[in-house]
Ligand code: FA5
Ligand code: MG
């Protein structure tokens, strides 16, 4: 797993990243730690929890929204490079040149014109311009931030966009052929943009909220509690955040809204209306799988990863924390059989696993010693015992350890030095 095959390099004058070279300037603020995170594509690693949740969202959209010929309505994009232009990340979304969200302190700049995307919205305009009317886009995003249980400078978003022609929007309502998407000389209000007709906006907003409510109901089940909060984004109006009730609190999971018409116009789709949303994949996965700490998504620990390897992506998973309970370290030493080929380390690992089962967290060879006079060889292994769901007792550990001592002599022909 791990990084790109092309090692990122921060040089004197330039930064090498994903096969490109970016000249440094007074805006450059990317760090080696962040560069090392680029190219992992956690959302594309099979059975990673972020992959699981992305696949569940894909499956839901594929089965719920089909086009006229039975084809999926939404196309899915999960391989776009996180290196974008400042123009894509901000200007294309109508974010003014002096907007505080452009601060060097909040973003990772390669230089004045290039950055790591701060949101997946950075790709809205290019994908609309390429002719797509409905798409999902998943990827890693980067924001300068602290590191704690709920903040990490790299996280993952899923963007969704859907555009409607007047035919698509109004064919669903009786008398719809009387209605129009646009209104000349209109005014911008809290409810709508100047060029939009109120009827069109209300239908788009309704479709957006229904789509997202169906999505979280699919993910969390029919009892999920959802609420909508008005908010502001420069690229949507009206704009909303969806919050989901989690452990007695409301947690923001996504931002969304009716796309600014100026954006659609610049993307060559000025004759349509659209909605867009951007949701945090970690947020959803943390609620859905009870993952207590956002840093765990970067874990390569089998005790984390193996809990998500399920046959069916819809299988409910409740993550069992593994570091909460104290470990016990016990060593075991023995002389190997004289015919050295009668013993292999893997035999021992298998034996420990079969006796100790899930109580054994880790086994390592800590000493390999050959006696200078007799030529006999001995191994010492350290076994870490830890239960994922409770604290073990000394006595319980001693019993298992003694059982291993007995079995290793009986089954592997070694002589204990216990
Ligand atoms: C955005 O990034 C907008 N681009 C969303 C959007 C898309 C609005 C399309 C309108 C149309 P925001 O910064 O609120 O908005 O982030 C969106 C979601 O990403 C949040 O709701 C949250 O689920 C997730 N998120 C944001 N910051 C973090 C963080 N530090 N750690 C984990 N998840 C985060
Ligand atoms: Mg937000």
Criterion: more than 12 Å from ligand 1 (Cβ to nearest atom), in contact with a helix residue (DSSP H, G or I) (Cβ under 7 Å, 6 or more places away or on another chain) and part of a helix (DSSP H, G or I) - qualifying residue of 288, 263
288
Test: residue 381 is in contact with a strand residue (DSSP E or B) (Cβ under 7 Å, 6 or more places away or on another chain), free of Cβ contacts under 8 Å to residues at least 60 places away in the same chain and assigned to a helix (DSSP H, G or I)
no
If I ask for residues that are more than 20 Å from residue 127 (Cα to Cα) and more than 16 Å from ligand 2 (Cβ to nearest atom), which ones from the stretch 241-286 would you list?
245, 247, 248, 285
Collect the residues in the stretch 245-260 that are within 15 Å of ligand 1 (Cβ to nearest atom) and either assigned to a loop (DSSP other than H, G, I, E, B) or more than 30 Å from residue 196 (Cα to Cα) (or both), keeping them in residue-number order.
245, 246, 249, 250, 251, 260
I need the full set of residues from the stretch 266-285 which are surrounded by fewer than 22 Cβ atoms within 10 Å (Cβ to Cβ), in a helix (DSSP H, G or I) and out of contact with any strand residue (DSSP E or B) (no Cβ under 7 Å at 6 or more places or on another chain), in order please.
266
Given (1) touching a residue at least 40 places away in the same chain (Cβ under 8 Å); (2) more than 20 Å from residue 90 (Cβ to Cβ); (3) more than 16 Å from ligand 2 (Cβ to nearest atom), identify the lone condition not met by residue 222.
(1)
Pairs with Cβ under 6 Å, 6+ apart, first in the stretch 176-205 and free of Cβ contacts under 8 Å to residues at least 12 places away in the same chain, second assigned to a helix (DSSP H, G or I) and surrounded by 12 or more Cβ atoms within 10 Å (Cβ to Cβ):
176/170
Please go through the stretch 182-237 and pick out each residue that is within 16 Å of ligand 1 (Cβ to nearest atom) and surrounded by fewer than 14 Cβ atoms within 10 Å (Cβ to Cβ).
227, 229, 230, 232
When only residues in the stretch 7-42 that are under 21 Å from residue 103 (Cβ atoms) and in a helix (DSSP H, G or I) count, which is modelled with the highest pLDDT?
35
Count of the stretch 8-20 residues which are over 14 Å from residue 116 (Cα atoms) and either in contact (Cβ under 8 Å) with a residue 40 or more places away in the chain or touching a strand residue (DSSP E or B) at 6+ places or on another chain (Cβ under 7 Å) (or both):
3
Residue 223 vs (1) under 28 Å from residue 290 (Cα atoms); (2) in contact with a helix residue (DSSP H, G or I) (Cβ under 7 Å, 6 or more places away or on another chain); (3) modelled with pLDDT under 95: all pass except (2)
Out of 181, 163, 127, 93, report the one residue that is touching a strand residue (DSSP E or B) at 6+ places or on another chain (Cβ under 9 Å), under 19 Å from residue 262 (Cβ atoms) and within 16 Å of ligand 2 (Cβ to nearest atom).
93
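The values are calculated or read from the model by the stated rules, or taken from the named source; none is laboratory data. The structure displayed is predicted, hence computed values, not measured ones. Reconstructed Cβ throughout: ideal geometry from the backbone, glycine too, with neighbour counts over all protein chains shown.
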